[in-house]
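The block underneath contains the structure these notes are about, expressed in structure tokens.
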Amino acid sequence: TWTPENIISDQIAEIRSRVGDKEVICGLSGGVDSAVAAALVHQAVGDQLTCVFVDHGLLRAGEAEQVEKDYVAATGIKLKVVDAADRFLGALAGVTDPEQKRKIIGREFIRVFEAAAREVAASGDVEFLVQGTLYPDVVESGGGTGTANIKSHHNVGGLPEDLKFSLVEPLRTLFKDEVRQLGLALGLPEAMVWRHPFPGPGLAIRIIGAVDRQRLDLLRAADLIAREELTAAGLDRDVWQFPVVLLADVRSVGVQGDGRSYGHPVVLRPVSSSDAMTADWSRLPYDVIARISTRITNEVAEVNRVVLDVTSKPPGTIEWE
Ligand code: XMP
């Protein structure tokens with residue numbers, strides 16, 4: 001029978017016997033998958049594990065701090081943080097094509113991570129790399145079934161050949177809800193365990209148009225308001241994920257204060273799902289949507305319109321890019 005405890009003890013035994021006394025590294029993304037995978041490996045091999053967190057500057061408000069402070073405090077894991085925002089934003093400058101954005105972010109991520117991994121490896125005998133790959137990632141990237149790529153998920157299959165790490169993927173057969181149960185059983189902070197899924201390419205694929213610091217700041221402010229109001233309404237666990245999308249190249253006319261405005265729309269994209277393979281738009285209470293809309297248009301200069309995405313998946317995807 002499936003219990004978190006069974007999975008944990010099986011995985012710990014398997015990881016120990018595979019890894020032995022070798023060193024292991026793990027990239028943390030800020031999300032629940034890599035956090036649970038790393039915590040599991042940490043339980044198995046302790047300080048043989050070093051985690052690397054690449055801050056690509058595309059995270060939401062407060063997320064880098066959550067990894068650097070809360071997660072380390074809860075687990076005692078050894079963490080190396082790389083601030084690579086300038087590099088990522090430089091590489092993304094002027095790029096509007098979604099797949100192009102994903103490829104650039106995937107490529108830069110591998111370069112930065114590789115450099116960090118070499119530094120970690122130089123200090124020890126690193127042979128293993130932990131990845132928080134879930135079953136749906138394997139399927140959607142064609143890894144399990146030979147189906148075509150829908151979007152290039154950079155956390156699967158993109159490792160450099162000359163970095164000869166063996167992969168440790170303790171979550172490869174699991175779905176998100178199972179991973180959360182594991183996280184709770186491993187004693188991770190609830191805020192982290194119940195964190196909504198967030199894509200590796202981050203806010204870059206939630207800005208429709210080119211990515212720059214100013215647009216990221218706008219989107220971060222709008223996104224934070226949506227998250228705050230969802231939490232205040234007690235609805236975090238009723239929603240699978242709640243992307244907020246900035247239509248950065250669209251402007252519409254509005255009236256704000258005593259004058260005409262000509263600002264950008266943001267799209268609210270709350271969805272219900274159990275595994276992200278299919279999804280439906282969440283029927284959030286109108287008063288919650290109204291509060292989010294009022295706050296965003298009052299508090300985020302340059303955003304003068306808030307729209308709700310009422311498309312299921314399929315035919316839509318959860319993310320807009
Ligand atoms: P879509 O937009 O394809 O997203 O319906 C399905 C789920 O995957 C997440 N997502 C990603 N996760 N790297 C990730 O780690 C990626 O490149 C990526 N793209 C989408 C998305 O947030 C949703 O949960």
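Derivation of every value follows stated rules applied to the coordinates shown; laboratory data play no part. Treat the numbers as computed from the prediction; the structure is a model and nothing was measured. Note that each Cβ is placed from the backbone with ideal geometry, even for glycine, and that neighbours are counted across all protein chains shown.
Of note:
- Spatial offset of region 42-93 relative to region 8-27 amounts to 21 Å, using the alpha carbon center of each.
- Rounded FRET efficiency, nearest 0.05, which uses the C-beta distance separating residue 253 from residue 74 and R0 of 45 Å: 0.40
- Projecting the Cα atoms of 84, 317, 133 onto the charge dipole of the chain (Cβ charges, centred on the Cα centre) puts 317 farthest toward the positive pole.
- Cut-off 10 Å between beta-carbons: net charge of the residues surrounding residue 135, Lys and Arg +1, Asp and Glu -1: -2
- Against the chain, whose longest principal axis comes from its Cα atoms, helix 98-122 is set at around 30 degrees.
- Put a plus charge on the Cβ of each Lys and Arg, a minus charge on the Cβ of each Asp and Glu, and nothing anywhere else: the dipole of region 231-287 about its Cα centre is then about 180 debye.
- Student exercise, region 4-193 dipole from Lys, Arg, Asp, Glu Cβ charges, in Debye to nearest 20: 320
- 0 to 90° range, to nearest 10: angle between helix 32-45 axis and the chain longest Cα axis: 20
- GNM result for the chain, Cα springs below 10 Å: residue of 85, 35, 222 fluctuating most strongly: 85
- Between 0 and 90°, nearest 10: helix 4-19 axis offset from the chain longest Cα axis: 60
- For the chain, the 222 nm mean residue ellipticity estimated from helices alone, with every DSSP H stretch of n ≥ 4 adding -39500 (n - 2.57) and the total spread over all residues, rounds to -11500 deg cm²/dmol.
- Electrostatic bookkeeping for residue 253 treats Lys and Arg as +1 and Asp and Glu as -1; over the other residues with beta carbon under 12 Å from its beta carbon, the sum is +3.
- Sparsely packed chymotrypsin sites (Phe, Trp or Tyr not before Pro) within region 265-321, loop by DSSP, other Cβ within 10 Å at most 10: none
- When exposed loop sites are taken as trypsin sites (Lys or Arg not before Pro) in a DSSP loop with at most 15 other Cβ atoms within 10 Å, the longest stretch of the chain clear of them is 23-163.
- Karplus-derived HN-Hα couplings along region 306-321 (A = 6.51, B = -1.76, C = 1.60, θ = phi - 60°), whole Hz, x at Gly and Pro: 10, 10, 10, 8, 10, 10, 8, 10, x, x, x, 9, 5, 7, 7, 10
- Over all other residues within a Cβ to Cβ distance under 13 Å of residue 116, the charged ones net out to 0, with Lys and Arg as +1 and Asp and Glu as -1.
- Antiparallel content of DSSP bridges confined to the chain, in %, to 5: 30
- Residue 256 long-range amide H proximity, modeled H, under 5 Å: 261
- Selection from 284, 247, 298 lying farthest towards where the dipole of region 164-321 points positive, charges on Cβ: 247
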